[in-house]
Amino acid sequence: MLVQDIMKNDVMTLNPTHTIAEAVQLMQKKKIRHIPIIENDRLIGLVTDRDVKEAAPSSLSDQLETLLYETPLSKIMKTDLIIGHPRDFIEEAALLFYTYEIGCLPIVSNYQLVGILTKTDLLYNYIELTGANQPSSHIQIRVPNQPGILFEVSKVFHQHNTNVLSVLVYPYQDDESYKILAVRIKRMNPLSIIEDLKTEGFQVLWPSEPEMNL
């Protein structure tokens with residue numbers, strides 16, 4: 001999946017001569033936390049709710065000094081920006097968020113701002129990809145780390161005519177001879193499937209016996 005598939009295209013922007021007060025008003029009205037700053041149709045900076053709070057340690061209110069309200073965004077905006085491209089892969093964008101501990105990623109193509117990607121967008125995309133937003137069950141299976149093992153496991157789901165919503169593969173502790181398959185299936189009661197997985201020799205880590213009896 002590409003960044004262009006989940007980024008927001010309707011981006012609220014301001015220019016460097018706009019004031020902190022105008023940024024606050026826009027953030028409150030649109031319920032956003034990041035505002036790209038544009039000049040001559042080019043992205044030159046970014047203002048976040050944190051930038052505003054650091055510029056005004058006391059809450060922005062009627063009592064706040066007029067000078068602070070009138071401070072131009074050029075005085076507080078970040079200019080050393082990390083940007084993405086609409087055709088970047090989602091996992092590459094996620095790595096930028098993790099590596100640089102950023103809250104949003106302006107998306108630029110041909111020097112033009114075309115979108116914005118936030119941590120919330122990534123989180124919601126993860127939820128959709130895993131199928132956690134659908135009625136489903138989650139099963140974790142320890143399997144040998146060998147070619148063809150996913151096919152062998154999938155046979156059990158096929159026999160039960162059960163749709164697999166997602167499969168994630170994790171390392172098993174420090175033992176490279178095993179992997180964990182985290183499988184989400186479109187079924188609320190997976191007990192019969194779990195029993196058949198065990199019959200086929202697979203170790204089901206979740207749900208374990210105590211959780212199955214709750």
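The values are calculated or read from the model by the stated rules, or taken from the named source; none is laboratory data. From a predicted model like this one, the values you see are computed outputs, not experimental measurements. Glycine also receives a Cβ, built like all others from the backbone with ideal geometry; neighbour counts cover every protein chain displayed. To get the accessible areas, we keep the full protein, side chains included, count just its heavy atoms, and leave off ligands, DNA and RNA. Shrake-Rupley method; radii C 1.70, N 1.55, O 1.52, S 1.80 Å.
Computed from Cα atoms alone, the Kirkwood hydrodynamic radius reported for the chain is 20.7 Å.
Taking only protein heavy atoms and a 1.4 Å probe, the accessible area of the chain is 50% carbon and sulfur. Annotation for segment 135-193 versus segment 13-59: alpha-carbon center distance of 46 Å. On the beta carbon distance between residue 142 and residue 188, with R0 = 22 Å, the FRET formula returns roughly 0.40.
Estimated from the Cβ-Cβ distance and a Förster radius of 25 angstrom, the FRET efficiency linking residue 83 and residue 40 is about 0.90. Close Lys pairs in the chain (alpha-carbon distance under 15 Å; sequence gap of 8 or more, or different chains): 7.
Backbone amide hydrogens, once placed in the peptide plane, bring residue 45 within less than 5 Å of 37, excluding anything fewer than 5 places away on its chain.
With the cut-off at under 18 Å, measuring from each backbone N in segment 10-44 to a point 7 Å along the Cα-to-Cβ line of residue 2 picks out 10. Rolling a 1.4 Å probe over the heavy atoms of the protein chains gives segment 113-153 an accessible area of 54 Å² per residue.
Summary of packing: across the peptides 107-114, 14-21, the per-residue average of other C-beta atoms within 10 Å ranks them, highest first, as 14-21, 107-114. Amide H to amide H, with H built 1.01 Å from N, residue 206 comes under 5 Å of 140, counting only residues 5 or more places away or on other chains.
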